[in-house]
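Right, one structure below, let's go through it.
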Amino acid sequence: MRVFHDSRQRLHAPAEELHNGGFTAYAEKPERVDAMLAALAATERPEDRGLAPVLAVHDAGYIRFLQDAPRLWREAGRTGDAIPYAFPVVGRRPVRLTRIDALLGRYAFDATTPLGSHAFEASYWSAQSALAAAHAVLSGERAAFALCRPPGHHAGADYCGGYCHINAAAVAAQAMRDAGVGRVAVLDIDYHHGNGTQDIFWTRGDVFYASVHAGPATDYPFYWGHADEVGEGEGRGATLNLPLPRGTRLDSFRRAQGAALDAIARCGAGALVVSFGADTWAGDPISHFALETDDYALLARDIAGVGLPTAVVMEGGYAVDALGANVASFLSGF
Ligand code: Q9C
Ligand code: ZN
């Protein structure tokens with residue numbers, strides 16, 4: 001399978017994150033890339049398709065913020081990574097502020113996504129890798145893998161969060177639409193709900209979003225991913241959420257994914273984007289499912305059975321020592 005990755009994706013390396021009330025080492029670290037590269041055959045560098053495909057799903061003011069934030073942070077006299085701490089919560093009127101802390105609160109939905117000076121660059125190339133995989137399958141590959149990192153599925157049109165800045169899966173799905181695929185499906189099987197992807201396509205009927213994830217009553221991102229979220233307007237019925245309890249193993253995960261695949265097969269999609277997270281693995285340090293390495297090959301075979309051209313986009317997975325084997329197992333199923 002063709003694998004796309006750019007070494008600039010490695011540059012983003014925040015020192016610490018706010019986790020359960022204290023600062024801990026950043027889980028979404030560049031060593032994740034090394035672990036995946038070591039387990040995969042040769043990779044290709046993506047072509048640079050520019051900002052236009054990114055701006056097709058993201059707000060221009062938000063993208064400018066991602067580019068400017070590290071400089072504004074330094075100009076405010078700060079060192080280290082920019083971290084938001086005050087948010088314009090429900091009911092606050094939109095005000096045009098320029099203070100870095102106000103911008104951070106406006107364009108982030110959590111405080112676990114530090115913006116180091118390379119966040120934009122790394123995420124830009126992560127999105128280019130996803131675009132390359134999308135174009136590879138549009139040109140006839142049955143499946144292609146974008147070794148994305150930073151991940152993307154928590155990033156919405158105008159917000160970052162959950163280690164994500166640019167939503168690579170959404171950029172890829174939109175690129176497929178713009179290349180003439182009438183309907184695109186996104187299957188999200190990261191441990192966490194992909195709130196950003198869901199939000200981006202919430203009112204649209206042309207991109208079907210289905211997610212299998214840890215129930216938001218116990219797990220991040222809490223405010224999205226409940227079973228009754230089905231989309232709105234033209235997008236009503238084009239969002240499917242299948243939350244599962246902590247401790248979930250292969251049998252019930254596979255059943256839920258099967259329900260998502262049935263819906264995808266019925267929706268008339270001409271191409272598929274898979275947001276793949278290996279944080280469903282039993283030993284993941286921040287997650288609570290119980291999948292085993294061999295399970296991923298089986299899950300991938302079920303996905304391949306739908307018969308759609310498929311761009312696989314990497315999302316989470318934080319057990320670095322097992323990450324290569326888990327990704328290789330998943331890709332072997334296609
Ligand atoms: N105490 C992805 O897998 N932190 N993002 C949760 C739990 C955020 C995960 C805190 C986890 C984000 C792409
Ligand atoms: Zn995740």
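We did not get these values from a lab; they are worked out from the coordinates using the rules stated. In this text, all values refer to a predicted model and were calculated from it rather than measured experimentally. As a convention, Cβ positions derive from the backbone with ideal geometry for all residues, glycine included, and neighbour counts pool all protein chains shown.
The table for this structure:
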| item | result |
| --- | --- |
| Net charge of neighbours whose Cβ lies under 10 Å from the Cβ of residue 214, counting Lys and Arg as +1 and Asp and Glu as -1 | -2 |
| Contour minus Cα-Cα distance for residue 206 and residue 68 (0.36 nm per residue) | 46.4 nm |
| Distance (nanometres) between label positions extended 7 Å along Cα→Cβ at residue 320 and residue 31 | 0.2 nm |
| Region 285-334: Rg to Rh, with Rh as the Kirkwood radius over Cα pairs | 0.98 |
| Relative contact order (percent, whole number), the chain, Cα cutoff 8 Å, 6+ residue spacing | 19 percent |
| Net +/- balance of residues flanking residue 230 in space, Cβ distance below 14 Å, scoring K and R +1, D and E -1 | -3 |
| Dimensionless Rg ratio for the chain, taking C-alpha atoms and the 2.2 N^0.38 Å reference | 0.91 |
| Net lengthening on full extension, residue 157/residue 288 (0.36 nm per residue, minus Cα-Cα) | 44.3 nm |
| Within region 117-137: backbone nitrogen closer than 20 Å to the residue 45 label point (7 Å, Cα to C-beta) | 118-136 |
| Normalised alpha carbon radius of gyration of region 243-310 [divisor 2.2 N^0.38 Å] | 1.15 |
| For region 220-334: rounded, prolate or oblate by the Cα gyration tensor [a/c cutoff 1.5] | oblate |
| Taking 1, 314 and counting other C-beta atoms within 10 Å, the order from fewest to most | 1, 314 |
| log10 of Debye I(q)/I(0), alpha-carbon scatterers only, for region 35-161 at 0.11, 0.16, 0.19 Å⁻¹ | -0.46, -0.85, -1.08 |
| Of every Cα-Cα pair in region 82-138, the percent that sits beyond 18 Å | 50 percent |
| Dipole moment magnitude, nearest 20 debye, the chain about Cα centre, only Lys, Arg, Asp, Glu C-beta charged | 620 debye |
| Label point distance in nm, residue 15-residue 218, each placed 7 Å from Cα along Cα→Cβ | 3.5 nm |
| Semi-axes of the equivalent ellipsoid for region 16-60, Cα gyration tensor, largest first, Å | 28, 23, 6 |
| Highest-fluctuation residue, 225, 317, 50 considered, GNM on the chain with Cα pairs under 10 Å | 50 |
| About the Cα centre, charge dipole magnitude for region 92-223 (Lys/Arg +1, Asp/Glu -1 at Cβ), debye | 380 debye |
| In range of the label at residue 2: residues from region 308-322 whose backbone nitrogen is under 14 Å from the point 7 Å along Cα→Cβ | 309-312 |
| Percentage of interatomic Cα-Cα distances in region 154-201 larger than 17 Å | 31 percent |
| Alpha carbon Rg of region 215-266, scaled by the compact-globule rule 2.2 N^0.38 Å | 1.23 |
| Segment residue 262-residue 23, extension gain: residue separation times 0.36 nm, minus the distance between their alpha carbons | 81.9 nm |
| Projected-area mean, region 109-267, by convex hull of Cα positions, square nanometres | 9.5 nm² |
| Cα pair count fraction exceeding 16 Å, expressed as % - region 237-281 | 44 percent |
| Net charge, residue 246 excluded, C-beta distance under 12 Å - Lys, Arg +1, Asp, Glu -1 | -1 |
| Structure-based [θ]222 nm, the chain - -39500 (n - 2.57) summed over DSSP H runs of at least 4, per residue, nearest 500 | -10500 deg cm²/dmol |
